[in-house]
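**Q** Mind looking over this structure? Questions follow.
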Amino acid sequence: MDETIQPVLEASGGPPVLVLDGELDLARAPSLQRAIDQLRADGHSTIVVDLLGVNFLDSTALGVLVAALARCREAGGDLHLIVAEPRILKVLEITGLAGTFPLHPTRTGTLFLAGEANGQ
Amino acid sequence: MGRIPSVMGKTLSVYPSTTREFKADVSDVVAARRFAIEAVGSWNLGTDDVALVVSELAANAVVHARTPFVLALSLLDDQVVLIEVTDHDHHMPLPAQPSVWATNGRGLMIVDKLAAAWGARATIDGDKILWAEVRVPQIADDQTPQLSRHT
């Protein structure tokens, strides 16, 4: 896959946001992996993944997010998901991960992270 | 859609089914999902759970079996779709009980949660069939024209 997922860097100094849309599945998992790897390489330990526009999430893409969450926490940060779509919440719930990720219903719910990202 | 009585006094199934072959390629997992969404949608049934189960079973064929696969969809009654994915690897999938931090192994966990029943069986030809029965909601068919008004 040639897709490049470019992070949105918040002017407020908050953590970078990966805004995703459409179907997030095993075909796009490598692109997601590359985007997260790049942010980690750039020194970001806290990342926000905006899934508001995502209407499908499979186990492979979910595995990438879980691995990213583990690496962010190891580095003292976190990986926040912005989710409102019931289909995506359902996948998180049936896999027992709804309580593992910090979840936010809107992007504004992560604004408090601005200071946290600067403080590392 | 539905059943019609036969002269023998038994019900005769007239539920639809469809089958298609796919290659051992990630892009064909996507194609299989789209095929399933189109087919099940045309039966006026909800496609969300079917799309996810088809994706996970097809991914198993492409990622683990690494062979081409056949997807068969059959409506068993008004609201139960039987999904069968046949690949050419006789090895059975391992039961998935991934830990919270596992990065894979959640595919069959998702199938287990969404399907009313599922399983795997070997065929006499050395193939394997992963199957799942998924109960789906009926969707009102707003596209059906009101023929009685067009006289």
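The values are calculated or read from the model by the stated rules, or taken from the named source; none is laboratory data. Just so you know, these numbers come straight off a predicted model, no measurement behind them. Positions of Cβ are generated from backbone atoms using ideal geometry, with glycine treated the same way; all protein chains shown enter the neighbour counts. Please note that ligands, DNA and RNA were not included when accessible areas were found on the heavy atoms of the full protein model with its side chains. Shrake-Rupley method; radii C 1.70, N 1.55, O 1.52, S 1.80 Å.
**Q** Return the residue satisfying two criteria in turn: it lies in the stretch B:121-139 and is at pLDDT 95 or above and not charged (D, E, K, R), and of such residues it is farthest from B:L71 (Cα to Cα).
**A** Only one residue tops the list, namely B:V136.
**Q** Evaluate the following for A:P16: is it open to solvent by less than 60 Å² (accessible area, probe 1.4 Å), more than 14 Å from chain B (Cβ to nearest Cβ) and touching a His at 6+ places or on another chain (Cβ under 8 Å)?
**A** Numbers: open to solvent by less than 60 Å² (accessible area, probe 1.4 Å): yes; more than 14 Å from chain B (Cβ to nearest Cβ): yes; touching a His at 6+ places or on another chain (Cβ under 8 Å): yes.
Taking the combined requirement at face value, the residue satisfies it.
**Q** Still on this structure, I have one more. Spot the failing condition for B:H91; the list is (1) open to solvent by 50 Å² or more (accessible area, probe 1.4 Å); (2) outside any loop (DSSP other than H, G, I, E, B), and only one is missed.
**A** The one condition B:H91 does not meet is (2).
**Q** All but one of (1) modelled with pLDDT under 95; (2) crowded, with 17+ Cβ neighbours inside 10 Å; (3) not basic (K, R); (4) not in a helix (DSSP H, G or I) hold for A:L81, so report the exception by its number.
**A** (1) is the only condition that A:L81 fails.
**Q** So, one more: Quick one: is B:L52 buried (at least 17 other Cβ atoms within 10 Å of the Cβ), modelled with pLDDT under 95 and not in a strand (DSSP E or B)?
**A** no
**Q** Another question, if that's okay. Looking at (1) within 14 Å of chain A (Cβ to nearest Cβ); (2) outside any loop (DSSP other than H, G, I, E, B); (3) open to solvent by 40 Å² or more (accessible area, probe 1.4 Å), find the lone condition where B:L76 falls short.
**A** (1)
**Q** Being open to solvent by 30 Å² or more (accessible area, probe 1.4 Å) and within 13 Å of another protein chain (Cβ to nearest Cβ) is the filter here; which residues of the stretch A:68-78 pass it?
**A** A:R71, A:R73, A:E74
**Q** Could you please find all residues in the stretch A:19-34 being open to solvent by less than 10 Å² (accessible area, probe 1.4 Å) and more than 14 Å from chain B (Cβ to nearest Cβ)?
**A** A:L20
**Q** Is there a residue being at pLDDT 95 or above, away from chain B (no Cβ under 14 Å) and at positive phi anywhere in the stretch A:94-117?
**A** Scanning the stretch A:94-117 turns up no residue that is at pLDDT 95 or above, away from chain B (no Cβ under 14 Å) and at positive phi.
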